[in-house]
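The values are calculated or read from the model by the stated rules, or taken from the named source; none is laboratory data. As the structure is a computational prediction, the values presented were derived from the model and not from experiment. Every residue, glycine as well, gets a Cβ built from its backbone with ideal geometry; the counts of neighbours run over all protein chains shown.
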Amino acid sequence: MKIGNNGNLVFGPFDESTPCLMIVLMNCQTKLRINHLTAVKSDTILESRIIGKLEEGRSVTSVAAEFGIAHSIVSRLWRQFQTTGTAIRGFSSGRPRGTTPADDRYIVLQARRNRRQTAGEIARHTTQATGRPISRFTVARRLHGGGLFARRPVRCVPLTPAHRRRRSLWCREHRNWRDNEWGRVLFTDESRFSLSSDSHRILIWRERGSRNHPSNIIERDRYGGRGVLVCGGIMLGSRTDLHIFDAGSVNGTRYCNEILLPYVRLFRGAMGLQFLFMDDNAPCHRTVTAEQLLESEDIERMYWPARSLDLNPIEHVWDFLGRRLAARTLPPVTILELRLALQDEWAAMPQQLIDTLILSMGRRCETCLAVKGDHIPY
């Protein structure tokens, strides 16, 4: 046996070692066939078990969870069985994959290192590194195979180490509060609602369940726009009316005349000494005028750590109002329509939603402590 000009093995002339070599080659081929048939048989048995479960009336989701297989694979297998009557895939003569396993790992690694890269940018970098051109669609498929999907990042205000320490301290002090203690707090806040939404959306690559991981968060401060500024208060079993500020900046005097006197003082009188007032650290809230008014009305103010929007349950109320506005058949197009729509949606908001948010404060504190004062998924 020798190597011919074309690189193939040429048998002959035979010598004494030829029979042994032939036996070795035949044994190797036999083992390869056995391994292949074993793998095919194993896959066929698994597919048959999956089809059997589905024919019993089980859902695709439950079967996928039982066998530890992706939902899409079970769903595709079930559709194939319903269409062709068999779950065995035929021979595919399709084009071979354009990337190697090493390329696939490189693509996923790029996305993990810089989660704001687009699929097109990753495709260009991969082409430069490997010398083989690939498309952005191929990159997207490889990222999906690696468990990464394009999603909008969570936007949060920036937190410094000092902010995190104060947040942790506040949560440690309130983690053991009972529901009746949270029920005596009036949570207040302002929010701006705009006629135009944020259209500057970008996508990042992330794994399922990692929405609030620090690498998947874009920190930004709030921005203004053509709209209205509103203020509201919520507490267990009740809420204030929604106050909509007229045009102009809100200073300490306006805050006292439009919020503290007509709303906060009213709730303080109804609840008595157990009443606790919460507002954030906005400049108009911390003026001398506001401090003197609270002291004269004997209103106890709750200390609130700076930049802790995610700890305030009323933030979810603003999110609810925003979604209700967007879901309207005819969204508001003028400031007057926006004001009326906000008041209608505020009045129609279920009190049960508010109560559920307030009763989540204990869990918020525990979650914040678990991440050492960092952003929490609330």
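What to note about this one:
- Scope segment 268-286; condition part of a helix (DSSP H, G or I) and surrounded by fewer than 19 Cβ atoms within 10 Å (Cβ to Cβ); matching residues: GLY269, ALA270, MET271, GLY272, LEU273, GLN274, PRO283, CYS284, ARG286
- Residues of segment 43-70 that are among the aliphatic types (A, V, I, L, M) and surrounded by 13 or more Cβ atoms within 10 Å (Cβ to Cβ): LEU46, ILE50, ILE51, LEU54, VAL60, VAL63, ALA64, ILE69.
- Among the residues of segment 173-184, those identified as assigned to a helix (DSSP H, G or I), loosely packed, with under 14 Cβ neighbours inside 10 Å and not polar (S, T, N, Q) are GLU173, ASP179.
- Beta carbons closer than 6 Å, at least 6 apart along the sequence or on distinct chains, pair a first residue in segment 300-325 that is closer than 21 Å to LEU260 by Cβ with a second that is assigned to a loop (DSSP other than H, G, I, E, B) for TRP304/ASP280; ALA306/ASN281.
- Scanning segment 113-170 for residues that are among the basic types (Lys, Arg) and in a loop (DSSP other than H, G, I, E, B), we see that the one that is farthest from THR99 (Cα to Cα) is ARG152.
- Out of GLY90, GLY57, GLY98, sole residue that is modelled with pLDDT under 85 and within 30 Å of ILE204 (Cα to Cα): GLY98
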